[in-house]
Amino acid sequence: MSVTDTATARLVIDLNALAENYRHLQSLSAPAQCAAVVKANAYGLGAVPVAETLAGLGCSVFFVATPEEGRALRKTLPKVQIYVLDGLFPGTAAFYGAHDLRPVLGSAAEIAEWQAYCQASDSAPPAALHLDTGMNRLGMGEAELATLTETDPLWHEKLSLSLIMSHLACADEPSHPLNETQRQRFAAMRQKLPASLAEKPASLANSAGIFLGAAYHYDLVRPGIALYGGRATQDKPPLAPVAHLFSRILQIRKIPDGETVGYGAAHRLVRPRRIATVPVGYADGYFRALGASDRKTGAHAIIGGYRAPLVGRVSMDLITLDVTHIPETVAFRGAQVELLGAHVPLAHLADRAGTIDYEILTALGARYQRSYRHGL
Ligand SMILES: *Cc1c(COP(=O)(O)O)cnc(C)c1O
């Protein structure tokens, strides 16, 4: 840490770990092709460095959520395929065309708009078709597809579809019956597509879907969270941690028993304690729910190999840790505190905050000093 470092904390993204995770998912999914989902700024870790790293490993298909995310990625990677998962935003077809973005078409209205664009521009840029097999959020259901085929039997001839996809709702629960139901519906709906589409490349699996086995892989898999070291399913350990968050102790205070710590006087000390204050808070994505009034349900950080439990409430910009049991030569003003990483897994923070790994990553704050490294 440099002497002029004024950041609240350092967020270190380990691109070697990311690469290792990609190769692992690729080998699990082969012979299917392994794409990468880099929506929401690559789950908060930085879409550009993440996508550049993965493209360097041969990843040639990327998924973003929105057209703006697609445009930003296109500037960095002129050659790769970029699909926009949220579909065709109303009135934006020319934007997709201009930036070589492939909409994931999910309704008759989106298809009509894309057809009109193809016709007007006398071109047929590639797009994906999203079939809804049970998520009921985006995509064409069986009935909608049947209606479209009835009203316009040649609808697909005015388009160039490069991918037929669907999305699993419960893949993180491997034994959930909806997984198999969705797989069967996907197969059945593909069968009913016009003959020229039934053979198009297909994609069903997110990270968790990859772990459901080869029957779910089809031609292309679409991992997100597993690439970034988050848990894909409840029964599998996560891959290598990619995000590491370190801060420093600002102050250490000796506080007598009977006193309380922090807002709401929520934590009362029954014994005298040494309390360390660290400059990270809920405004940085360190969730307020992490501050529990007892040690069993609250989060901890790591200082020099010692566990330091969070005490009192999480403030906007600060947290307080109990360092009474840690030697003063280890826990001192300026000492490094690991808040997330190899010794404080994403799963720990997610479980203690009552949320999922995805939300911890995507909430990582804007005040952190970010750096990208090859290994820690
Ligand atoms: C976000 C998303 C993914 C990636 O999901 P993970 O669970 O992070 O692997 C794949 N497909 C679609 C349609 C998505 O929205």
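I'd like the full set of residues that are assigned to a helix (DSSP H, G or I) and touching a His at 6+ places or on another chain (Cβ under 9 Å), limited to region 20-42. Let's see the steps before the verdict.
In the first step, residues of region 20-42 are kept if they are assigned to a helix (DSSP H, G or I); the result is 20-29, 39-42.
Matches in region 20-42: LEU28, SER29.
Here is a list: PRO279, PRO241. Which entry is within 30 Å of PHE211 (Cβ to Cβ) and of a type outside the set (Lys, Arg)?
PRO241
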Among the residues that make up region 105-116, is at least one of them over 30 Å from ARG185 (Cα atoms), within 16 Å of the ligand (Cβ to nearest atom) and in a helix (DSSP H, G or I)?
no
Those residues of region 5-19 which are crowded, with 16+ Cβ neighbours inside 10 Å and part of a helix (DSSP H, G or I) amount to LEU15, ALA17, LEU18, ALA19
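Is it the case, given these coordinates, that THR320 is hydroxyl-bearing (Ser, Thr, Tyr) and in a loop (DSSP other than H, G, I, E, B)?
Values: hydroxyl-bearing (Ser, Thr, Tyr): yes; in a loop (DSSP other than H, G, I, E, B): no.
No.
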Checking ILE360, ILE302, ILE326 in turn, the sole residue that is out of contact with any Pro (no Cβ under 7 Å at 6 or more places or on another chain), free of Cβ contacts under 8 Å to residues at least 60 places away in the same chain and not in a loop (DSSP other than H, G, I, E, B) turns out to be ILE302
Of (1) in contact with a Ser or Thr (Cβ under 8 Å, 6 or more places away or on another chain); (2) in a loop (DSSP other than H, G, I, E, B); (3) closer than 20 Å to THR260 by Cβ, SER315 fails just (1)
When PHE332 is run through (1) touching a helix residue (DSSP H, G or I) at 6+ places or on another chain (Cβ under 6 Å); (2) farther than 15 Å from ASP14 by Cα, the failure sits at (1)
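I'd like the full set of residues that are more than 19 Å from HIS374 (Cβ to Cβ), among the hydrophobic types (A, V, I, L, M, F, W, C) and not in a strand (DSSP E or B), limited to region 43-90.
Pass one, region 43-90, residues more than 19 Å from HIS374 (Cβ to Cβ): 43-44, 60-75, 77-90.
Subsequent filtering for residues that are among the hydrophobic types (A, V, I, L, M, F, W, C) retains 61-65, 72-73, 77, 80, 82, 84-85, 88-89.
ALA65, ALA72, LEU73, LEU77, VAL80, LEU85, LEU88, PHE89 - these are the residues of region 43-90 that are more than 19 Å from HIS374 (Cβ to Cβ), among the hydrophobic types (A, V, I, L, M, F, W, C) and not in a strand (DSSP E or B).
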Of the candidates PRO345, PRO309, the one satisfying the condition of being surrounded by 15 or more Cβ atoms within 10 Å (Cβ to Cβ) and either free of Cβ contacts under 8 Å to residues at least 12 places away in the same chain or in contact with a strand residue (DSSP E or B) (Cβ under 7 Å, 6 or more places away or on another chain) (or both) is PRO309
For helices (runs of 4 or more DSSP H) lying entirely in region 172-263, having 1 or more residues that are within 16 Å of the ligand (Cβ to nearest atom) and modelled with pLDDT of 95 or more picks out 177-192, 207-211
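Tell me whether region 146-158 contains one or more residues that are under 27 Å from GLY224 (Cβ atoms), more than 16 Å from the ligand (Cβ to nearest atom) and among the small types (Gly, Ala, Ser).
Initially, region 146-158 is screened for residues under 27 Å from GLY224 (Cβ atoms), giving none.
For region 146-158, residues under 27 Å from GLY224 (Cβ atoms), more than 16 Å from the ligand (Cβ to nearest atom) and among the small types (Gly, Ala, Ser): absent.
The values are calculated or read from the model by the stated rules, or taken from the named source; none is laboratory data. These numbers were taken from a predicted model, which means no experiment stands behind them. FYI the Cβ positions are ideal-geometry reconstructions off the backbone, even for glycines, and counts take in every protein chain you see.
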